[in-house]
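The values are calculated or read from the model by the stated rules, or taken from the named source; none is laboratory data. The structure displayed is predicted, hence computed values, not measured ones. We place every Cβ from the backbone using ideal geometry, glycine too, and count neighbours over all the protein chains shown. Heads up: the accessible areas ignore ligands, DNA and RNA and are worked out on the full protein's heavy atoms, side chains in. Shrake-Rupley method; radii C 1.70, N 1.55, O 1.52, S 1.80 Å.
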Amino acid sequence: VVGSARVGSARGSDPCRGGAGATGEALESLEKSAQKVATTVPTSFEDAGQTVADLNTRLGLTGDELETVASQVIAAGDLFGEKLDINKLSSAMSAFAIPASETSEVMDELFRISQATGVSMNTLAESSAKAAPTLGNLGFDVEDVATLVGRLDKAGLNSTATIQAMGKGMVSLAK
């Protein structure tokens, strides 16, 4: 036991194998990453393994970047009292074509925006992914969109409706 994290082999019910479908060397690499994460942040090996497997599957992360982002996801979830939805996070990353090497930087930015605005990282990620087609065409990046969503919500405005109106305005402008 390291801190409050349990570390050890969970081959019989390996979350890396089940979550990512990995075998051989790829599975061993994911298991090592899960063990590193479980010793870095307070979590169980099973939760670390599931997070590592999900991030590997959804974003193709490996190695140090995978371990950093997995640690960020778990730590942010603990801090905010809400487990981060990897599907929403990966949708935002994919919608803005964030390279794997920049994923942890974007996570840091989403965390900062969430703290500054009080809007959850899950909401920021989900809204950013939905707004990507409209705002991405206007030159906004994921951080710009998340900041806009956070500020609109903080001001008491419905960010989803506002962004939809912007999309309709874009269609009218294009005509």
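For the range 132-147, the set of residues classified as open to solvent by less than 30 Å² (accessible area, probe 1.4 Å) and either at pLDDT 95 or above or more than 20 Å from E105 (Cβ to Cβ) (or both) consists of V142, V145, A146, listed by residue number. When restricted to residues that are within 11 Å of the chain's Cα centre (by Cα) and surrounded by fewer than 17 Cβ atoms within 10 Å (Cβ to Cβ), the range 59-83 contains 1. The one condition from (1) surrounded by fewer than 17 Cβ atoms within 10 Å (Cβ to Cβ); (2) without any contact (Cβ under 8 Å) to a residue 40 or more places away in the chain; (3) within 23 Å of K83 (Cβ to Cβ) that L124 does not meet is (1). Residues satisfying the criterion are present in the range 84-106 (criterion: in contact (Cβ under 8 Å) with a residue 24 or more places away in the chain, within 22 Å of A34 (Cα to Cα), within 11 Å of the chain's Cα centre (by Cα) and outside any helix (DSSP H, G or I)). Of all residues in the range 148-162, those that are open to solvent by less than 80 Å² (accessible area, probe 1.4 Å) have Cβ atoms under 7 Å from Cβ atoms of residues that are aliphatic (A, V, I, L, M) and part of a helix (DSSP H, G or I), 6 or more apart or on another chain, in V149/L124; G150/I113; G150/A116; G150/L124; S159/V149; S159/L152; T162/L152.
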